[in-house]
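Have a look at the structure below, then the notes.
Here, each number is a calculation from the coordinates, and none is a lab measurement. Computed from a predicted model, the values in this text were never measured in an experiment. Here Cβ is always computed from backbone atoms with ideal geometry, including for glycine, and neighbour counts include all displayed protein chains.
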Amino acid sequence: MPARKLEPTGDYRKILGVQFFVGNASQAVKAGMRGGLVVAPAAPALLDLHHDHEYRAALLESDLAITDSGFMVLLWNTMTQDRIPRVSGLEYLKLLLSQAEFRQSDATFWVMPSQESLQRNIRWLQRHGVRVEEHNCYVAPKYPPGPIRDERLLELVHARKPAHVVITVGGGVQERLGLFLKRHCSFQPGIHCIGAAIGFLTGDQIPIPDWADQWMLGWLFRCASNPNRFVPRYAKAFRLAALMWRYRDQLPKSK
């Protein structure tokens, strides 16, 4: 049963053909708690709108797209003289974890990138009052390019019937996985694609201070922590400027 489209309080901007919510973080969380697919596209992943048809479909069919990419927001505001705010995935996650409903036993189901991350994240969540047990977690396999089908995950989600599914695997993959769940779930959970955000809290990633997140400097901390991994990734993101200059609010042509 397809999820209904949400209409959160606030406003939208169509950027590269995707309807981005431009209210504040609290409004975004309120909307995400109602159910549906929530995505927070990063700048490097947005370049895949050209050629990754399933990623493209995930963003277009999402119920809530938040402005996690500070570079995208900076480009948009500069090119259009607009003043849209950034809502970071980290800020969204922190507010999400503070919700009473989210902290209840069996309310959430977590998709983790590895067994090591699963154990570390469970320990951190339990210490901070989020009641998550290992039977409500799933370690995602390595998915190939293209459409994702994970019948085992779908079976577990149907058996547990959580109010919320939180996907913590990498950008570009999590959106495709979230789209699979949205299209095939027999009920409508909130599907939150928060990627590496939880790692900033649990120690999987280098911690990002609140001031650095607010000033859109998280990329700098990540590059400093692991330059071989992150410098090429963020260097690639500069190509987003040309894409946005050409298409602005229009969906890039599919290759």
Review point. When ranked by the protection proxy of mean other Cβ atoms within 10 Å per residue, highest first, what sequence do the peptides 147-156, 131-140, 167-176 form?
Key: 167-176, 131-140, 147-156
**Study point:** Vicinal HN-Hα couplings computed from phi for region 25-37 (Karplus, 6.51 cos²θ - 1.76 cosθ + 1.60; Hz; Gly/Pro x)
**Key:** 5, 4, 5, 5, 5, 4, 5, x, 5, 6, x, x, 8
Point to revise | Rounded FRET efficiency, nearest 0.05, which uses the C-beta distance separating Glu151 from Lys255 and R0 of 25 Å | key: 0.25
Check your understanding: How much length, in nm to one decimal, is gained on full extension between His184 and Arg160, taken as 0.36 nm per residue of separation minus their Cα-Cα distance?
Key -> 7.1 nm
Practice item. Quick one: of Lys161/Lys253; Lys142/Lys255; Lys94/Lys161; Lys14/Lys182; Lys182/Lys253, which pairs are farther than 32 Å apart, Cα to Cα? Key: Lys161/Lys253
Review point. Check Gln19: other-chain or 5+ apart residues with amide H under 5 Å from its amide H, H built from backbone geometry?
Key: none
Study note, to complete from the structure: Subtracting the Cα-Cα distance of Ser105 and Lys14 from 0.36 nm times their residue separation yields 29.0 nm
**Study point:** Sorted peptide list for 239-252, 17-30, criterion being average Cβ within 10 angstrom, highest first
**Key:** 17-30, 239-252
**Study point:** Placed amide H near Val139: partners under 5 Å, 5+ positions off or other chain
**Key:** Met112
Check your understanding: Using 0.36 nm per residue, how much length does the chain from Arg123 to Ala242 gain when fully extended, once their Cα-Cα distance is taken away?
Key -> 38.6 nm
